[in-house]
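Written out below as structure tokens is the structure these notes cover.
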Amino acid sequence: MKDSRFHCCATCTHFEVQKGDDGVRYFCIRLGYETKPDYRFNCWTPKENVQKLMEKEKKKQ
């Protein structure tokens, strides 16, 4: 997939926010470890709403 301004963990289908007594943790359920919302990995799978935004942006070009 071509680099996208939307590409980051927070926009991936595998990104999960876990809230607990010790605060908020961000987790990648595909990779199996903690991450940060702005990290980027090659296994990125954009959420449906992000895919729509990307399509809309692509049509404007």
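Which residue fluctuates the most in the chain, going by a Gaussian network model with Cα springs under 10 Å, if the choices are Lys47, Lys36, Lys19?
Maximum fluctuation in the GNM of the chain, among the listed residues, is at Lys19.
With everything on Cα atoms, drop me the angle between helix 48-60 and the longest principal axis of the chain, reported from 0 to 90° to the nearest 10.
It is inclined by approximately 30 degrees.
Using Cα-Cα distances under 8 Å and only pairs 6 or more residues apart, what relative contact order does the chain have, in percent?
Rounded, it is 35 percent for the chain.
In nm, what is the difference between 0.36 nm times the number of residues separating Lys36 and Arg5 and their Cα-Cα distance? Could the numbers behind the result be given before it?
On the way: separation 31, 0.36 × 31 = 11.16 nm, distance 1.63 nm.
So the extension gain works out to 9.5 nm.
Assuming 0.36 nm per residue, please report the length gained on full extension of the stretch Val24 to Leu53 beyond their Cα-Cα distance. Numbers along the way, then the final one.
Working: separation 29, 0.36 × 29 = 10.44 nm, distance 2.71 nm.
Going from the current span to full extension adds 7.7 nm.
How large is the Kirkwood hydrodynamic radius of region 9-60, in angstrom, based on all distinct alpha carbon pairs?
Its Kirkwood hydrodynamic radius stands at 12.0 Å.
Read the figures in this text as sums done on the coordinates, not as results from a lab. In this text the structure is predicted, and so the values were computed from the model without any measurement.
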